[in-house]
1. Quick query: amide H of Ile358 versus all other amide H atoms, modeled in the peptide plane; which residues come in under 5 Å with a sequence gap of 5 or more or a different chain?
2. Can you tell me what the convex hull of the Cα atoms of the range 21-68 projects to on average, as an area in nm²?
3. How far is helix 85-97 tilted, in degrees, relative to the longest principal axis of the Cα atoms in the chain, given as a value from 0 to 90 rounded to the nearest 10?
4. Over the Cα atoms of the range 17-136, each weighted equally, I'd like the Debye log10 I(q)/I(0) at q = 0.11, 0.18, 0.23 Å⁻¹, rounded to two decimals.
5. Among DSSP bridges having both ends in the chain, what percentage is antiparallel? Round to the nearest 5.
6. Counting other beta carbons within 10 Å of each Cβ, put Trp198, Trp176 in order, fewest first.
7. Using alpha carbons only, what's the Rg to Rh ratio of the range 181-230 with Rh from Kirkwood?
8. Can you tell me the FRET efficiency between Gln400 and Val307 if r is taken as the Cβ-Cβ distance and R0 is 25 Å, rounded to the nearest 0.05?
Amino acid sequence: MSSPKSPFHPFERPIHSATRMLGHVYLIGAGPGDPQLITLRGVQCLKKADVVLYDGLVNPQLLVHAADAELVCVGKHGQQRIWTQDEIQEEMLRMARQGRIVARLKGGDPAVFARGAEETAALSEAGISFEVVPGITAALAAGSFTGIPITHRHHASAVALVTGHQKDNDATDLDWNALAKFPGTLVIYMGVTTAQTWTQALIDGGKPADTPAAIVRRCTWSDQQVFRCTLGEIALRLSPASKIRPPAIVIVGPVADLPEQLDWFDHRPLSGQRILVTRPDGQAGELGDALRELGADPLYQPAIEIVPPPDWSDVDATISQLGEVDWIVFSSRNGVQFYLDRILRLGHDMRLLGGGQIAAVGDRTAEALQGYGLRADLVPADFEAESLAASLSPQAAGKQVLSVRASRGRDVLRQHLADAGASVREVVAYQNRDVIDADAKIRQQMADGQIDWTTVTSSAIARSLVQMFGESLHQTKLASLSPVTSQTLKGLGFSVACEAEHYTIDGLVKAIAQV
Ligand code: SAH
């Protein structure tokens, strides 16, 4: 390992030195794939990082924890350019020598078949301080996510983690005869292309060909696959014709034969369902998380985007006249956020709203108000404008009502309140625009019928989706948030596969799970 002298660094400096001139490296285990299976410490270190060097096996979703860091994929395992181990180490040292905090993010655990020892040796030799944050290694994750306990009181009191990939690509370095006699579970990493060799070596060493086995591909990812077979069948199952590509891990031993009911992963209400979340950026997470909780694989393609109005003059005019308003009506969270932020931006505070009453369409809108220390005086039971208009109408005559709304939306509220004798002023606090182009991969998946469900949470989203995907939208089942949205979809010639009973995110998720 070459260690060019750095202008900053006297080599004799002890490692773990308190000074940060040399930067610091965290070797972090990212876990097996599911972005929630990283440790709290791992996340904390990612947050501190100036730069992240991450492997191809790492779920890119983890990079949200390092939002301000430079991100470098060192692309092992497929993808773009494959860096050599030396190059990775050189880069890691170079960056640390610039005084940066480097997160070296590796799949699974950094010390299990991950060349972690070479990386820490290089750091130690260069006098760069480091910390190793463990991760959940694939063997343990594969066991948990397939209901195969890798140890078992009656079936296996030991586990061996074994590589099927030897230095010279022949399996003879390892003592397979000894492994054949190993009294416990064998878990084979990197054994896809070499399956013929190592399974034969085990059988030749005396391990019965009918020993139960499970091949687990992409464990903990939403497209995890499990193939149960015997030791003797593994090579055929992993032959090139079967197209089971890495990463896959193989569990060999009696534990692989325990009842499949223990497999919880494939038995969740939405297991294996690919569901498109179409809400605007920044507002999609809640729905995505709720779907994932039930086992679905959420994909994100915003159908609309929320942006400020082209100019603020109308909004500002209403703000200067808030003292005359009897009721201010907010129809959405966005309305609350854009309007109230503008009040603050202009140097005022919420006391401007003190003279009037406040109505909100929907619990979420009311919640958003609470975020600004405001309690809505009226939140109709039904989360629709009609319901609010009906509640407000009896007391609306002669009142000044300000309705804070999006650039487009329905006119129901103004009409009803005007009919009830109110003087209604509407103000556009944000624009609601169609996103024109879908991500190319999602467009393809839609056309190929690979998206099981598409969530439609407003009429604007419905119209934008039809523009975006055209006829391909018939290839997916449509889940609608409310009767109004369903009507829009039907009007556009699309059938609705389910509709939320309560017009909330939870209601929508429940409706999909019940189909
Ligand atoms: N450090 C990693 C292992 C890296 S070696 C860890 O601790 O898990 C790469 C091998 O790990 C792959 O060839 C495969 O055998 C296994 N592996 C990693 N992630 C996996 C996953 N999600 N599903 C199945 N096998 C996985």
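1. Under 5 Å from the amide H of Ile358: Ile328, Asp377, Leu378.
2. Mean shadow area of the hull around the Cα atoms is 3.3 nm².
3. Between the helix axis and the principal axis of the chain, the angle is about 60 degrees.
4. Computed log10 I(q)/I(0) values: -0.30, -0.84, -1.44.
5. Taking every DSSP beta bridge within the chain, about 30 percent pair in antiparallel fashion.
6. Exposure proxy ranking, most exposed first: Trp176, Trp198.
7. The Rg/Rh ratio comes out at 0.99.
8. Calculated value: 0.30.
Here, each number is a calculation from the coordinates, and none is a lab measurement. It should be emphasised that the depicted structure is a prediction, and the values quoted were computed from it without experimental measurement. Don't worry about glycine lacking a Cβ; one is built from the backbone with ideal geometry, like all the others, and counts go over all protein chains shown.
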